[in-house]
1. So the label point goes 7 Å from the Cα of S145 along Cα→C-beta, right? Which residues of segment 109-133 then have their backbone N under 12 Å from it?
2. In a shell of Cβ-Cβ distance under 9 Å around V107, excluding V107 itself, what net charge do Lys and Arg (+1) and Asp and Glu (-1) give?
3. Can you give the accessible area of T153 in Å² (nearest 10), computed on protein heavy atoms with a 1.4 Å probe?
4. Just read off the accessible area of S178 with the full protein assembly in place, 1.4 Å probe, to the nearest 10 Å².
5. If a/c stays under 1.5 just call it rounded; otherwise compare a/b with b/c (prolate if a/b is bigger, oblate if not). Do that for segment 76-170, with a ≥ b ≥ c from the square roots of the Cα gyration tensor eigenvalues.
6. Please give the peptides 108-115, 160-167, 186-193 ranked by average Cβ packing (other Cβ atoms within 10 Å per residue), highest first, as a rough proxy for protection.
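The values are calculated or read from the model by the stated rules, or taken from the named source; none is laboratory data. What you see is a predicted model, and the numbers here were worked out from it, not measured in a lab. Neighbour counts are summed over all protein chains in view; Cβ atoms, including those assigned to glycine, are modelled from backbone coordinates with ideal geometry. For the accessible areas, the whole protein counts, side chains as well, though only heavy atoms, and no ligand, DNA or RNA atoms are used. Shrake-Rupley method; radii C 1.70, N 1.55, O 1.52, S 1.80 Å.
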Amino acid sequence: MNGSVAYLMTTLGCLVGVAGVVVAVVALRKGRKAARPAAPTAPADPFRDSDSDALRGDPRRLKPGDIVEIRRVSYAVRGTVHLNEGGWSWAEHLLDTVDGDKRWLSVEEDPDLELVLWTAEPAATITPGASTLDFAGRRYATEESGQARYTATGSTGLDPTGTVRYHDYRASSGERLSFEAYGQAGWEVARGEQLHRADVMVYPQAGPGAT
């Protein structure tokens, strides 16, 4: 009897010891996990107008199907073109009203948010290249030119991917004049007007990527 009791006590002691080791290992692992430093977060832009984004929607997140109101005129986003040149990127959105009034809205951070509403000039016969151009009673000076790659989604009339050449001009009063040539097509001309952030209200619609 005494031998059986001694054996039982020894077995219980071993089990208690093993349980203690397991508890210690689990506690050590939890301690290491808790002590692991949090992943660094990307620095926030101190000048970004987060209040306007929250109240008026974020133009940087526009996508086909969204509704955008510009100076009390409502447009549907028919399609979006994302462009990239080197490490620089921007977006152009094809807008349409119920009456068929089509415009383009470009969204760019340079580094501040820049919104420009474009109106196509299909009858224009001028071409880019000169340092200054006279058009519709204004003189424009060359600003920048280059070639970018693009990806198109929604209804834009463009191939899903490709390249675009561009040449941008600016008048002293701030108006823009832009030339774009997608793929092997000829130059398309558009006049642009820079918008204030308060001019634009975004209404995201349900669907992939909706906010």
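1. Counting only backbone N, you get 127-133.
2. -3
3. 60
4. Ignoring ligands and nucleic acids, S178 comes out at about 10 Å².
5. oblate
6. 186-193, 160-167, 108-115
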